[in-house]
1. What area, in nm² and to one decimal, does the C-alpha convex hull of segment 1-61 cast on average over all directions?
2. Compute, for segment 11-82, the length of the dipole vector about the Cα centre, with Cβ point charges of +1 (Lys, Arg) and -1 (Asp, Glu) only. Units Debye, rounded to 20.
3. From the backbone phi of segment 41-47, what are the Karplus-calculated ³J(HN,Hα) couplings (6.51 cos²θ - 1.76 cosθ + 1.60, θ = phi - 60°) in whole Hz, Gly and Pro given as x?
Amino acid sequence: MKQTNERLCALAQKGDAVALDSLIENNKSFIGKVANDLFRSMNLAQSGLNLDTDDLRQAGNMGLWKAVPKFDAARHEVPDLCGSCHPQRHDGHGSGCLYCF
């Protein structure tokens with residue numbers, strides 16, 4: 001059974017390296033989508049900054065890694081909005097809906 005991001009985060013906060021790896025793995029598609037969207041919307045290919053989507057994905061992974069110790073599940077309840085807004089597209093595994101972002 002796949003664990004929720006909140007549960008994996010709680011385990012990672014207690015030092016579980018496997019949970020941290022799983023949390024990052026579970027969010028790769030979301031991080032990749034955000035990286036691709038930023039790359040296109042900011043026209044980074046033409047910016048001369050020598051950035052590509054792999055750089056943005058890595059920055060997203062590092063951002064998630066750095067955010068884990070700061071996450072407080074009691075204060076940051078994450079409702080499952082994707083099941084209600086796109087039930088026909090929701091895959092049901094609870095990791096979020098790319099159609100919502």
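None of the figures in this text is laboratory data; all of them are computed from the coordinates on show. Being a predicted model, the structure only gives us computed values, none of them experimental. Here Cβ is always computed from backbone atoms with ideal geometry, including for glycine, and neighbour counts include all displayed protein chains.
1. On the way: hull surface 18.9 nm².
Answer in nm², one decimal: 4.7.
2. Numbers: 8 positive and 10 negative charges, 30 e Å.
Using Cβ point charges on Lys, Arg, Asp and Glu, segment 11-82 gives about 140 debye.
3. 5, 9, 6, 5, 5, 9, 7
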